[in-house]
Each structure stands twice: as C-alpha cells, then as structure tokens.
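Some notes on the structure that comes next.
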Amino acid sequence: MAHKVKKAAKVLSQRQIAEGIFDMWLETTIAGDVKPGQFVGVYPVNKSTLLPRPISICEVDKERSAIRLVYRVVGSGTAEFALYEPGDFIMILGPLGNGFPIEKAAGKNVVVIGGGIGVPPLLETAKRLSMETGDNKPDSVSGVMGYRNSDGFLFDEFKEYAQMHMATEDGSAGVKGNVIDAMRQDQVKCDVIFACGPMPMLRGIKAYAEEIGAKAYLSLEERMACGVGACLGCITKTKEIDHHSKVHNARICTDGPVFDADDLDM
C-alpha cells in the first residue's frame, strides 16, 4: 500500500451534478498511487474541526496528476468544500484504505454494485477492471447502481466500462426496487461482487452472494467518521478476533474500508 501523505491539493474544477451532490477534481501528487476503492481525508479550514472528512476517490487521471471526488453535502465540513473554486487549495491526506482487490476478478464475471453515495468509488473500479488485459482480464464486467429516483448521477459514465443496470426506489428508471431486484430481473452473471453503499444494501449483497455462491468484497465507507483511526467511530463486527483490541471488530478506516464479506458479522 502506498504511503499516505498530507499536503495541499489544487482545485481544478467543481460543479454540482445532482441535488446535494458535488463533483470536484483536485491536482495532487498522490494520483499515481491510488488504488480503486481508496479514499482521502479532506480537512476543513475551520480549525475547531480537527478531523478530516473521509471522501472516496471517484476517478483518477494520472496524466493530469489529478483525482476526482464526488461527495454529498451533509454537514458544515462538506458544505465548506462545496464553496471551493478552481485555483483554490485544500489540504488532503491520502491515499487511505485498502481498496478493491481487482486481481480477484481475473477470468470471472465481475459486478460492481453501488447505492447512493456509494456509487462514486466504483467508477474508477469499473475503469480499472475494463483496462485489465491478458490473464488478469475479467470474463465480463457489469454494473448495478441503485438510486432513489431517475437522477442516476454518474450512471452514464459507467457505460464506457461495464454493461449497466439500474434500480430505483420509485420505479422511475430501470428496475423498480433495489440492486438485488435488478440483479435477479436482469439475470446479471456474477462470480465476484465489488460493492459500496448503505449498510442494509451491503447486508443484502452478502446474503445474495452466499445464495448464489459468489465472492463479495464490501466497502463500508458509509459508516466512517474521521478516516484515520482516531475516533473509533467506524467499528464493524468481524468473525475473527482483532489482534489489536482482542475483540471481534475492525476499524473500517484503517483495516478497510473494503472487506471480504465472509469475514464480516453483519
């Protein structure tokens, strides 16, 4: 894993792409070290807020030495980030986390599954999977994204890298229901799953993977707080005993955010 660094990154662009969802490109030297599924800690200017906000890396452009963050405004920290303009500088720490083990998809039918703000980190994942060649190439790459309605932010961008399927809660686009409903109705071939999204969705994916005999790797970023292991706000239960705490848990930010679903007690 690449060594994380804290340094200023230059804002290249920023725009709003859906209600409360912002899309920001940052110029930073860490771009060359990022694995799909990793994240960065973004520091608010307000010094009363000591801890960085963890935000997943949506996409990497190594030629521009840039990373793309797609995030939802949920509090004062992320509201501050939404005010940044091109040319501004922002402090980040990264790359953080372990990322998705895309090598596990070699020769398999792989599906990337995202829900809500869990969709962004899967774009770079789908891109890397589609770029694999030779013995590392997946047999096929599919994507299943779940949204509340037809706004479907980022959905069209996945089409360059994967055979795409959509589920919406209100039935306004794709399959009415959740991502598992879409998997079943569209008969998506599946040996390996890479997923990120709300915990109920991830529990459903774990159960579905067990049902069909597939391997699932789940990113639990949604429950993270500080992102650097300081707050202990992102503990998840595991089947094995953690060597550090001697109990059945793991810190999502430092041990994850991606876990083998078989290792999780959800």
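Of note:
- Estimated D of the range 5-96 in µm² per second, where Rh is the Kirkwood radius over Cα pairs and Stokes-Einstein applies at 37 °C, 0.692 mPa s: 254 µm²/s
- Applied to the range 5-16, the Karplus parametrisation 6.51 cos²θ - 1.76 cosθ + 1.60 on θ = phi - 60° returns per-residue 3J(HN,Hα) values of 9, 10, 7, 6, 10, 8, 6, 8, 7, 7, 8, 8 Hz, with x for Gly and Pro.
- Too-long pairs where the Cα-Cα distance tops 19 Å, listed order kept, from Lys62/Lys137; Lys127/Lys176; Lys137/Lys215; Lys104/Lys159: Lys62/Lys137; Lys127/Lys176; Lys104/Lys159
- Within the range 5-96: Cβ-based charge dipole about Cα centre, in debye rounded to nearest 20 (Lys, Arg +1; Asp, Glu -1): 280 debye
- Across the range 140-157, computed HN-Hα scalar couplings (Karplus, 6.51 cos²θ - 1.76 cosθ + 1.60, θ = phi - 60°) run 7, 10, 10, x, 10, 10, x, 9, 6, 8, 7, 4, x, 4, 6, 3, 5, 5 Hz from first to last residue, x flagging Gly and Pro.
- Computed from the Cα positions only, the extents of the range 59-211 along the three principal axes stand at 47, 41, 25 Å, in decreasing order.
- Shape call, the range 110-174: gyration tensor on alpha carbons, a/c limit 1.5: prolate
- Exposure proxy order (Cβ contacts within 10 Å, fewest to most) of Met166, Met145, Met201: Met166, Met201, Met145
- Per-residue ³J(HN,Hα) for the range 187-202, Karplus 6.51 cos²θ - 1.76 cosθ + 1.60, θ = phi - 60°, Hz, x for Gly and Pro: 6, 6, 5, 8, 10, 9, 10, 10, 9, 8, x, x, 4, x, 5, 5
- Residues with amide H under 5 Å from that of Met91, placed H, sequence gap 5 or more: Ala9, Tyr43
- Less than 5 angstrom separates the built amide H of Tyr217 from those of Ile193, Phe194, Ala195, Ala261, all sequence-distant by 5 or more or on a different chain.
Rule-based calculations on the coordinates, nothing more; no lab input. This structure is a prediction, so every number in the text was calculated from the model and none was measured. All Cβ positions, glycine included, derive from the backbone under ideal geometry; neighbour counts span all protein chains shown.
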